[in-house]
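The values are calculated or read from the model by the stated rules, or taken from the named source; none is laboratory data. Keep in mind that this is a model prediction, so the values were computed, not measured. Glycine gets a Cβ as well: all are built from the backbone with ideal geometry, and neighbour counts include every protein chain shown. We work out accessible area using only protein heavy atoms, side chains counted, and drop any ligands, DNA or RNA first. Shrake-Rupley method; radii C 1.70, N 1.55, O 1.52, S 1.80 Å.
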Amino acid sequence: MQDGRPDRIEGRHVNMPIELGSTMVFDTLSEFEAARDARYKSGTHYYGRYGNAATHKLEQMLAKLEGADAITLTSSGVAAITTTLMALTRPGSHLLVADNVYGNTRAFCDGLLTQQGVQVEYFDPMIGSAIGHLIREDTAAIMFESPGSGTFEMPDIRAIATAGKSANVPTILDNTWGTPVFSQPIALGVDIVVYSGSKYISGHSDCMLGVTASNATYAKVIRKAVMQIGDKTGGQEILLALRGLRTLKLRMEHIDAAGREMALWFADQPQVKTVLHPALPSCPGQENWARDFTGAAGLFGVVFHTSSERSVRAFVDALHHFGIGVSWGGYESLVLPVTPVRTATNWSETGQLVRFNIGLENVESLKSDLANALPLLDQ
Ligand SMILES: Cc1ncc(COP(=O)(O)O)c(C=O)c1O
């Protein structure tokens, strides 16, 4: 049978049935005890919170795609990030975090983690191997993102992973943008890959899911933390993710081509100052993308010449094909103005930054929608 499906499906359906349930029952007490003792292992059937047949199929399939020993699933991408950070830090430990991480990662680090006594230090995402100078005796982990949220700098993943390895400090990479179709961070030396399955993995904006991929040692610690906290993926979400994986490669190929076409189109518009798309030389770290990725996602930034917030609002409101909303990776194209938050580096652009998610629509329709709205931006 194919990956992501059980060996035998009752009836003749291609996909797995939705599996709902909390209590699982056993024929003997010894069988129950064996399952309880193995409850933190993927594939064990013990109680609904620890996963069921469909959960384990999704874990196996993602492990194969990531080249990981193990996968732990969570109820959202944020839960994958927060449980991993909680599992690896202690009161007093030092955590290195890239200055361009996803807003909620930053909020968690500055909020709950700091409250628990973790010392969070932000670093320049383009630091490369010099990250080694920031690693201390008490550094518990290095958290970074490929590329940075909103600003799209592509870090030197290999250099940061190598520095972490030589100091015995685990690296955690949020690779939501790259997906396992375009990059394999574990093969580049990263210890733990986290991502939001709510984006491209499920692919239709109808599912919330998080993924942590790692080797067996870290998986044990992270899985235990997720289970102890009680985070849990829903049965429907697991099936939507399994279904999404069936078309992931096809969707990513389309999105790669469409995203690059739109990014190049933006670069030709007189209102545009810089396009922050990791496959274009105008984006910091493009050489890292070219070396380590086989394609690009459809999410990128555009810095306009105008610094007028009012005219950017008028432009955004005038678009018909671009929904205004958070998240990305579904069918629909999206637009959102971004205000980068920095503490270790400076965001020096004076023009307004707007993030675009290119979906699966016809690119000519997207261009004509944008061409109608761009004149609303002040020069
Ligand atoms: C880079 C990145 N990581 C993580 C998340 C969080 O994922 P979720 O919305 O599934 O919690 C997001 C969501 O926008 C994101 O953009």
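A simple spin-label model places the labels of Ala167 and Arg90 1.8 nm from each other, with each point 7 Å out along Cα-to-Cβ. Taken about its Cα centre, the stretch 248-376 carries a charge dipole of roughly 280 debye when the Cβ of each Lys and Arg holds +1 and the Cβ of each Asp and Glu holds -1. Kindly work out what percent of the DSSP beta bridges joining two residues of the chain are antiparallel, to the nearest 5. Looking only at bridges with both residues in the chain, the antiparallel portion is about 55 percent. Report, in whole Å, the centroid distance computed from the Cα atoms of the stretch 301-379 and the stretch 219-272. For the stretch 301-379 versus the stretch 219-272, the Cα centre distance is 20 Å. Evaluated with a Cβ-only charge set (Lys, Arg +1; Asp, Glu -1), the chain carries a dipole of roughly 580 debye about its Cα centre, given to the nearest 20.
Ignoring aspartates and glutamates fewer than eight residues from Lys199 along the same chain, the ones with Cα atoms less than 18 angstrom from its Cα are Glu59, Glu66, Glu145, Asp174, Glu237, Glu253, Asp256, Glu332, Glu361. Dipole magnitude for the stretch 125-281: about 440 debye, using +1 per Lys or Arg Cβ and -1 per Asp or Glu Cβ, origin at the Cα centre. Modelled this way, with points 7 Å down the Cα-to-C-beta line, the labels at Asn362 and Ala257 are 1.6 nm from one another.
For the stretch 29-243, the per residue solvent-accessible surface stands at 36 Å², with DNA, RNA and ligands left out and a 1.4 Å probe.
Distance between the modelled labels on Leu250 and His13, one decimal in nanometres: 2.0 nm (7 Å Cα→Cβ projection). In the chain, helical runs assigned H by DSSP with n ≥ 4 each contribute -39500 (n - 2.57); averaged across all residues and rounded to the nearest 500, the mean residue ellipticity at 222 nm is -10500 deg cm²/dmol. Taking the stretch 202-231 and a reference point 7 angstrom along Cα→Cβ of Tyr331, the backbone N atoms nearer than 14 Å belong to 203-207. Per-residue packing, averaged as other Cβ atoms within 10 Å, sorts the ranges 253-266, 306-319 into the order 253-266, 306-319, beginning with the highest. Here the calculated FRET efficiency for Arg136 and Arg291, from their Cβ-Cβ distance with R0 = 35 Å, stands at 0.75, rounded to the nearest 0.05.
Taking Cα centroids, how far is the stretch 68-137 from the stretch 183-206 in Å? Value for the Cα centre distance between the two parts: 17 Å. Computed over protein heavy atoms with a 1.4 Å probe, the accessible surface of the stretch 262-379 works out to 45 Å² per residue. Span-like helix criteria (full DSSP H runs; alpha carbon extent of at least 18 Å along the helix axis; mean Kyte-Doolittle hydropathy of at least -1.0) are satisfied in the chain by 53-66, 216-229, 235-267. Element breakdown for the chain at a 1.4 angstrom probe: carbon and sulfur atoms account for 52% of the accessible area.
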